[in-house]
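My questions all concern the structure below.
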Amino acid sequence: SPPAIIAPSILSADFAALGRECSDKMRQGADWLHVDIMDGHFVPNITFGAPVVTRVRPHVERPERPGGRGTFDCHMMIMEPHRWVKDFKAAGCDLYCFHYEAAISSVAATEPADKSTTRQTSPRELIHYIHDQGMKAGIAIKPETPVDVLWEILENPQESERPDMVLVMTVNPGFGGQKFMTSELPKVRAIRDRYPDLDIEVDGGLSLDTIDQATDAGANVIVAGSAVFGAKDPADVIAKLRAAVEG
Ligand code: DX5
Ligand code: ZN
């Protein structure tokens with residue numbers, strides 16, 4: 001498997017002290033920061049947008065190479081994901097991970113008001129656009145979405161249209177602190193069987209109790225919100241999550 005990447009989700013941070021919360025987590029051993037963007041439409045909750053990412057970004061050193069330490073992994077739980085690519089690039093996002101379900105419904109959506117930021121997107125076009133804007137591209141699937149929708153996207157011969165990472169949600173997106181869904185593990189295993197080198201991220205309910213199941217299935221990018229931010233010793237939890245991935 002590719003290297004272990006531990007990505008604390010700042011959804012569980014103290015939003016009044018977000019800059020310091022982010023630099024603390026890096027100092028405590030995080031590889032990436034997982035930044036949950038919610039629009040109140042794609043998911044039943046609202047977090048924050050590009051202006052907040054812009055203000056937080058200077059508190060964390062930029063990665064030296066794509067996908068390196070300090071990557072801002074933006075998990076876009078939003079409708080019309082193509083509309084926000086440029087804003088998030090400008091804000092300092094390094095990896096733009098959109099939802100398959102949102103990209104599919106955007107193709108049929110009515111035309112947004114601002115045509116300059118508009119692209120009619122299939123997942124493959126959106127991935128190309130994200131790459132063109134200088135970010136890594138991720139594609140996420142909700143628990144209700146079968147893994148089979150990904151094969152066509154991953155098998156694309158055009159490298160620029162292939163995702164750098166797949167995110168398998170292990171809870172229904174919207175809130176931190178939910179119970180890990182073991183029902184999603186076969187998806188992780190099926191992707192790993194076909195793609196030994198792909199970054200596979202799991203998100204939702206990851207903790208020291210559930211990490212072994214996720215890594216056995218083949219996940220290497222581990223998001224943890226409440227398990228890290230709720231810990232007495234976050235550095236210890238991050239180190240133990242990493243050890244579990246590295247086996
Ligand atoms: C849920 C978010 C997650 C969330 C995970 O919709 O996508 O990133 O922060 O939180 P925990 O780790 O507490 O399940
Ligand atoms: Zn997330």
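When you check P143 against the structure, is it in contact with a strand residue (DSSP E or B) (Cβ under 8 Å, 6 or more places away or on another chain) and touching a residue at least 24 places away in the same chain (Cβ under 8 Å), yes or no?
yes
A further question on this structure: (1) buried (at least 20 other Cβ atoms within 10 Å of the Cβ); (2) away from ligand 1 (no atom under 13 Å from the Cβ); (3) in a loop (DSSP other than H, G, I, E, B): which one isn't true of L206, the others all being true?
All conditions pass for L206, except number (2).
Mind listing whichever residues of the stretch 209-227 are β-branched (V, I, T), open to solvent by 10 Å² or more (accessible area, probe 1.4 Å) and assigned to a helix (DSSP H, G or I)?
T215 - this is the single residue of the stretch 209-227 that is β-branched (V, I, T), open to solvent by 10 Å² or more (accessible area, probe 1.4 Å) and assigned to a helix (DSSP H, G or I).
While we're on this one: Look through the stretch 156-168, keep the residues that are among the acidic types (D, E) and crowded, with 16+ Cβ neighbours inside 10 Å, and return whichever of them is farthest from ligand 2 (Cβ to nearest atom).
Step by step, filter the stretch 156-168, then rank; the result is E161.
So that you can scan it fast, the table gives a plain yes or no per residue for (1) in a loop (DSSP other than H, G, I, E, B); (2) of a type outside the set (D, E); (3) modelled with pLDDT under 95; (4) over 20 Å from P163 (Cα atoms):
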residue: E61; (1), (2), (3), (4): yes, no, no, yes
residue: R65; (1), (2), (3), (4): yes, yes, no, no
residue: R69; (1), (2), (3), (4): yes, yes, no, no
residue: K86; (1), (2), (3), (4): no, yes, no, no
residue: K89; (1), (2), (3), (4): no, yes, no, no
residue: C93; (1), (2), (3), (4): yes, yes, no, no
residue: S105; (1), (2), (3), (4): no, yes, yes, no
residue: S116; (1), (2), (3), (4): no, yes, yes, yes
residue: Q120; (1), (2), (3), (4): yes, yes, yes, no
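Of everything in the stretch 169-212, what is of a type in the set (F, W, Y) and more than 15 Å from ligand 2 (Cβ to nearest atom)? Give them in sequence order.
Answer for the stretch 169-212, where residues must be of a type in the set (F, W, Y) and more than 15 Å from ligand 2 (Cβ to nearest atom): just Y195.
Can you tell me which of (1) in a helix (DSSP H, G or I); (2) touching a residue at least 12 places away in the same chain (Cβ under 8 Å); (3) away from ligand 1 (no atom under 16 Å from the Cβ); (4) open to solvent by 70 Å² or more (accessible area, probe 1.4 Å) is the one R192 doesn't meet?
(4)
Return the residue satisfying two criteria in turn: it lies in the stretch 23-49 and is more than 15 Å from ligand 2 (Cβ to nearest atom) and part of a helix (DSSP H, G or I), and of such residues it is surrounded by the fewest Cβ atoms within 10 Å (Cβ to Cβ).
R27
The values are calculated or read from the model by the stated rules, or taken from the named source; none is laboratory data. Please read these numbers as outputs of a predicted model, since none were measured by experiment. Don't worry about glycine lacking a Cβ; one is built from the backbone with ideal geometry, like all the others, and counts go over all protein chains shown. Quick note on the areas: whole protein, heavy atoms, side chains included, nothing else; ligands and nucleic acids left out. Shrake-Rupley method; radii C 1.70, N 1.55, O 1.52, S 1.80 Å.
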